[in-house]
């Protein structure tokens, strides 16, 4: 059997749950792709579209490791904002993100979760570590990050689009958002969801499957063209 054929078979086995979901949900193999969220512009060639994308970042996670945008190259991830002492929406959001963790553990790192604190003054590395352990987060799949408040808030406002209010990241600036943001492999936003609403998170789970299938079909076609 040719090496290319073996690779295609392995790819199909790994992505079969998502591809099957798309086929059953739409009744056809030519499925509808997820939209792109945010501003867009026409490229200089007059043909291609440049979509809004998440900007470069650098934060520290619950293990004291520097986490940057490069760690999410080739990954699909869900981003959110929280703080460890929150007693209102954050516990519900954590419960819903655990559903994401459980549902996509089989992807072996393709699907990730990135939770940003909005209270870096309190949420130090040890605090984030204790929090991740308390909610039973899988650290190989889920990063909790802290860092410079202005950078964290600028990312929320201008990269993830979860807060439209202007702010300077100062002591009186505070973001409290229930939104989950679905980011694709190219750092484009493909969906925004209410992280406290079960139905909305069900939509997120379905959209992640669609996105996985979208990449699987594209990669299969690319491999076939190379043979």
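The values are calculated or read from the model by the stated rules, or taken from the named source; none is laboratory data. Treat the numbers as computed from the prediction; the structure is a model and nothing was measured. Here the Cβ is made from the backbone with ideal geometry for all residues, glycine too, and neighbour counts use every protein chain on show.
Points worth noting:
- Qualifying residue in the stretch 121-135 (condition: buried (at least 18 other Cβ atoms within 10 Å of the Cβ), farther than 12 Å from residue 84 by Cα and at pLDDT 95 or above): no
- Meets criteria (out of contact with any helix residue (DSSP H, G or I) (no Cβ under 7 Å at 6 or more places or on another chain), modelled with pLDDT of 95 or more, exposed (fewer than 14 other Cβ atoms within 10 Å of the Cβ) and closer than 16 Å to residue 68 by Cα) for residue 140: yes
- Of all residues making up the stretch 202-211, the number that are over 12 Å from the mean Cα position of the chain (by Cα) and under 13 Å from residue 33 (Cα atoms): 3
- Odd one out for residue 41, checked against (1) buried (at least 18 other Cβ atoms within 10 Å of the Cβ); (2) modelled with pLDDT of 85 or more: (1)
- Candidate set from the stretch 52-85 (those that are under 11 Å from the mean Cα position of the chain (by Cα) and crowded, with 18+ Cβ neighbours inside 10 Å); member that is nearest to residue 189 (Cα to Cα): 54
- Annotation: of all residues in the stretch 146-168 being buried (at least 16 other Cβ atoms within 10 Å of the Cβ) and farther than 20 Å from residue 188 by Cα, the one that is modelled with the lowest pLDDT is 167.
- For first residues located in the stretch 130-142 and on the phi > 0 side of the Ramachandran plot, partners that are surrounded by 11 or more Cβ atoms within 10 Å (Cβ to Cβ) and outside any loop (DSSP other than H, G, I, E, B) and lie 6+ apart or on another chain with Cβ distances below 8 Å form the pairs 136/98.
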